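The values are calculated or read from the model by the stated rules, or taken from the named source; none is laboratory data. Since the structure is predicted, the reported quantities are computational estimates derived from the model, not experimental observations. Reconstructed Cβ throughout: ideal geometry from the backbone, glycine too, with neighbour counts over all protein chains shown. Only protein heavy atoms, including side chains, enter the accessible area calculation; ligands, DNA and RNA are left aside. Shrake-Rupley method; radii C 1.70, N 1.55, O 1.52, S 1.80 Å.
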Amino acid sequence: MKPYSLFIALLLGLSAVATAQTSIYYPDNSIKVTAYGRELPLAWCGGFNNAQFSMGDLNNDGLQDLVVYTKGIGVQTFINKGMLGGVPYYEYFPQYADNFPPCYDYLIMVDYNHDHIPDVFEQGITGVNVYKGYYNSRNQLCFSQYKQLYYYNDLCAGGAANAFNNPGDIPAVVDVDGDGDYDIVSYDILGGYMNLYKNKQADLGLPADSIYIALRDKCWGKVYQGFYRTHNLGTSCDNSCLGSKTSRGNKMTHTGNTPCLFDYDMDGDYDYLDGSVSFNEMTFLKNGRIENGGVDSMIYQDTMWQTGGTQIDINTWPAAFNIDIDQDGKPDLLISPNGGGLGLSADNTKNVWFYKNYSTTGHPDWRYVTDSMLVGDAIDCGTNATPMLFDYNKDGKLDLFIGSDGYANHTTGIMRSRMSLYENTSTPGNPSFNLVTTNFLNMDTCGFQGTSPAFGDLDHDGIKDMVVGHNDGSITFYKNTATSDTVTPVYSYAQRILTDNTGAQIYVSGNAMPFIYDIDHDGNPDLLVGNYYGTLYYYRNISTTAGVKSLKLITQNLGHIQADPAQTAGCNSAPFIGKIDSTGVDKLIMGSNSGNIYLFDGLSGDTSVTYHLVDTNYSFIDSANNGYNHYGSIIAAYWNLKATPVVGDVSGSGKFQMFIGDTRGGVRSYQLKRRDNYSTPILVEDARFILFPNPTGDYLNVNWSGILSDNIMVEITDMQGRRLYGEQMLTQQQTAHFDVSGYVDGMYMLSVTSGERKYTQKFTIVR
């Protein structure tokens, strides 16, 4: 595994601080997790919310691997390991996700140039942007920018026009006309008719490595989707100049469509399932191209597919994906929610429906299998998982508690929070966890919104209590009434909203993330609370009488630190303090809304000092992998990523393990390992361009579409400032592709100078 992608600090215009690190945390999926009597093969993948599915060979071994994209977060990559016990088997390999370009709204993988290497289509700036796939020297799939797609045959438009796809929609990229090249079908700006953008590569005899599109039909399929579930079949539109909308009527519903074109009955034409933002179900439309002399026209519809069978019912805008997930040679259907803000109010556990394809030519046969495909193979607690390690059963091993924002009620969309407990069942050299319960203390009966746990003795009786933070900024106190701290705790629901020494209820401005630690070194564990604004509240434990807690607010900004300081709100600090490396010194790491992990030291016991910021991207961990848009800003500014870290030696081997709660409701696992030192402090301006893959070993792609001024200078320097490359380029070129295979492993700087402004980013070469 290699360090993750771009430094968020650079994108925000911060000092990217990274001191010498002899060890960093690398993804580690070796810890066995069992639940309900079976092992979870995808335990540490981070969960699934609003997933989009594609397949392609990631490691050049001839097998189709699985790629899962979540808008606003990025990519998860799963390697195809063949069949195990008659069931397709995938393993989570996150390092392949580092090679994907930043994608916006959707990610579709097809081999558009027929070189047997998958390429990527995504929203881009205008609607459809294409990246070309290639394999690096390690047989890892990587990508270089090809182009944004425009067409020129619309006389009414009077010039080049973009292949349009409504933001949030997912287009279809398929060979509609069977001529061997990939076309694009997407809904128009009003969301009523579908446009066909025909690829004329084959027609014009162009090289296979090219795409040349023309807007061929403004009402492909001769169908109109209005306010109602029922579509109007047999419609027509004015294609005289491919610009008039006079005969289209008025759209009476919100835009928001996810058409999935697939050959339902294996008769050689494309039928489709239509997902709408307005409905939980999907409408199926059968293509009568065979019956109508070669003209794509929908002749039948099932407005609530499958009527009479297992009907799709997904809260918040379903989307279907036609991939061969079970590796039997026939593409199946996976269906998941496309809306709901990464699972907030959308179905977030039973949210990947699988319909297996048993069809033969002329005889459609699609059978429902499960509503939790892949989800049941992972730790998945709904949305925004918040892990904490604590030896609950007092066997000397750290158990894993996981709170979350909760599980969405399918009908109401209301989140109901619970807490899971995984018992540490490790033996020497074999770390493992086993699920005990997904509803610890029956918390789902309490009406909590968010359950972030912390453990420690707050009432001065020598026995560790539990506190649970909530999304509204409040904290619930559970008193441990066990006879001693050497036996399994007995938690009693003592105080719905924790109070301070004055009797005032404790609220911390939202998203309370508590941690209990003796920060002032006086022998009493104190209460620290991360919050919506990214600071740390510090309540000093001034308890003196056993069993009587007394917490005094000292400051709302302990250490004068903040997660994601370039944001004014929604920073969501998540603290952990303890030993995290071989130095033996307690340090503070803090998760954030951006997905970055911040590292601080200087915890001397003096709570009035400013803590020292060591790293803004600790161990290069980025929960928002690929989560950048095309305008130089960060998706995290409006998506809620909330990375929540905790560290401990779970195997008893002296090796540190880090667990990070994920927005998708899962947990990712990392192990501390040695590495070479490539890092050095540096101050840079805010970046307006994108580098990928980063790290790299062969080629580096640069996209400066966020820079709109005159011609630019692109330079590469080493960390001592020595210039290794420099070239003047045209701003309108927007992209460049560099061969860095001759550079030695290490960290470098790439800068883009435009006028008086210079934008700089780090990149790493690791082989």
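Scanning segment 382-412 for residues that are at pLDDT below 95 and farther than 17 Å from PHE48 by Cα turns up THR411, THR412. If you go through segment 100-131 and keep only what is open to solvent by 10 Å² or more (accessible area, probe 1.4 Å), among the β-branched types (Val, Ile, Thr) and not in a strand (DSSP E or B), you end up with ILE117, ILE125, THR126.
Could you please let me know if SER509 is in contact with a Gly (Cβ under 6 Å, 6 or more places away or on another chain) and surrounded by fewer than 20 Cβ atoms within 10 Å (Cβ to Cβ)? Against the criterion (in contact with a Gly (Cβ under 6 Å, 6 or more places away or on another chain) and surrounded by fewer than 20 Cβ atoms within 10 Å (Cβ to Cβ)), SER509 qualifies. Within segment 732-754, can you find the residues that are farther than 19 Å from CYS142 by Cβ and open to solvent by 70 Å² or more (accessible area, probe 1.4 Å)? Of everything in segment 732-754, those that are farther than 19 Å from CYS142 by Cβ and open to solvent by 70 Å² or more (accessible area, probe 1.4 Å) turn out to be GLN732, GLN733, VAL744.
Applying the set (1) in a strand (DSSP E or B); (2) touching a residue at least 40 places away in the same chain (Cβ under 8 Å); (3) open to solvent by 60 Å² or more (accessible area, probe 1.4 Å) to ASN60 leaves exactly one unmet item: (1).
Run down VAL740, VAL702 and say which single residue is more than 25 Å from the chain's Cα centre (by Cα) and either at pLDDT below 80 or among the hydrophobic types (A, V, I, L, M, F, W, C) (or both). On inspection, the qualifying residue turns out to be VAL740.
Against the list (1) assigned to a loop (DSSP other than H, G, I, E, B); (2) closer than 16 Å to TYR150 by Cα, the condition VAL173 fails is (1). Restricted to segment 467-484, and to residues there that are open to solvent by 40 Å² or more (accessible area, probe 1.4 Å) and free of Cβ contacts under 8 Å to residues at least 60 places away in the same chain, the residue that is farthest from PHE576 (Cα to Cα) is THR483.
Among the residues in segment 645-656, are any touching an Asp or Glu at 6+ places or on another chain (Cβ under 7 Å) and at pLDDT 90 or above? Within segment 645-656, one or more residues are touching an Asp or Glu at 6+ places or on another chain (Cβ under 7 Å) and at pLDDT 90 or above. Within segment 677-699, if we keep just the residues that are modelled with pLDDT under 50 and of a type in the set (Asp, Glu), the residue that is surrounded by the most Cβ atoms within 10 Å (Cβ to Cβ) turns out to be ASP686. Every condition in (1) of a type in the set (D, E, K, R); (2) open to solvent by less than 50 Å² (accessible area, probe 1.4 Å); (3) not in a strand (DSSP E or B) is met by LYS198 except one, and the failing one is (3). Scanning segment 406-430 for residues that are farther than 20 Å from ALA385 by Cβ and assigned to a strand (DSSP E or B) yields a count of 2. Is it true that some residue in segment 348-371 is surrounded by fewer than 23 Cβ atoms within 10 Å (Cβ to Cβ), among the small types (Gly, Ala, Ser), part of a loop (DSSP other than H, G, I, E, B) and within 18 Å of the chain's Cα centre (by Cα)? Checked against the condition, which is being surrounded by fewer than 23 Cβ atoms within 10 Å (Cβ to Cβ), among the small types (Gly, Ala, Ser), part of a loop (DSSP other than H, G, I, E, B) and within 18 Å of the chain's Cα centre (by Cα), segment 348-371 yields no hits at all. Within the span defined as segment 241-252, one or more residues are within 34 Å of the chain's Cα centre (by Cα), modelled with pLDDT under 85, over 26 Å from HIS114 (Cβ atoms) and open to solvent by 60 Å² or more (accessible area, probe 1.4 Å). Could we say that LYS464 is of a type in the set (Lys, Arg), out of contact with any Lys or Arg (no Cβ under 7 Å at 6 or more places or on another chain), in contact (Cβ under 8 Å) with a residue 40 or more places away in the chain and open to solvent by 10 Å² or more (accessible area, probe 1.4 Å) here? Judged against the criteria, LYS464 is a match. THR34 meets the conditions (1) within 30 Å of GLU423 (Cβ to Cβ); (2) touching an Asp or Glu at 6+ places or on another chain (Cβ under 9 Å) in every case but one. The failed one is (2).
Matching residues to (1) touching a Pro at 6+ places or on another chain (Cβ under 6 Å); (2) of a type in the set (Phe, Trp, Tyr); (3) free of Cβ contacts under 8 Å to residues at least 60 places away in the same chain; (4) over 25 Å from ALA494 (Cβ atoms):
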position: HIS521; (1), (2), (3), (4): no, no, no, yes
position: PRO525; (1), (2), (3), (4): no, no, no, no
position: ASN531; (1), (2), (3), (4): no, no, yes, no
position: TYR539; (1), (2), (3), (4): no, yes, yes, no
position: LYS549; (1), (2), (3), (4): no, no, no, no
position: ALA569; (1), (2), (3), (4): no, no, yes, yes
position: ILE577; (1), (2), (3), (4): no, no, no, no
position: GLY584; (1), (2), (3), (4): no, no, yes, yes
position: GLY591; (1), (2), (3), (4): yes, no, no, yes
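Which one of ARG229, ARG138 is outside any strand (DSSP E or B), farther than 30 Å from GLN64 by Cβ and among the basic types (Lys, Arg)? After ruling out the rest, the residue left standing is ARG229. Look at (1) open to solvent by less than 10 Å² (accessible area, probe 1.4 Å); (2) closer than 30 Å to SER651 by Cα; (3) at pLDDT 95 or above; (4) not β-branched (Val, Ile, Thr) and you find that LYS32 fails only one, number (1). Residues considered: TYR146, TYR134, TYR152, TYR89. Of these, the only one that is out of contact with any Pro (no Cβ under 6 Å at 6 or more places or on another chain), among the aromatic types (Phe, Trp, Tyr) and open to solvent by less than 40 Å² (accessible area, probe 1.4 Å) is TYR134. Across segment 546-573, the number of residues qualifying as surrounded by fewer than 20 Cβ atoms within 10 Å (Cβ to Cβ), polar (S, T, N, Q) and closer than 21 Å to PHE455 by Cβ comes to 1.
Filter segment 486-496 down to residues that are free of Cβ contacts under 8 Å to residues at least 60 places away in the same chain and open to solvent by 30 Å² or more (accessible area, probe 1.4 Å) and give me whichever is nearest to LYS552 (Cα to Cα).
Only one residue tops the list, namely GLN495.
LEU441 meets each of the listed conditions (1) in a helix (DSSP H, G or I); (2) of a type outside the set (Ser, Thr, Tyr); (3) open to solvent by less than 10 Å² (accessible area, probe 1.4 Å) apart from (3).
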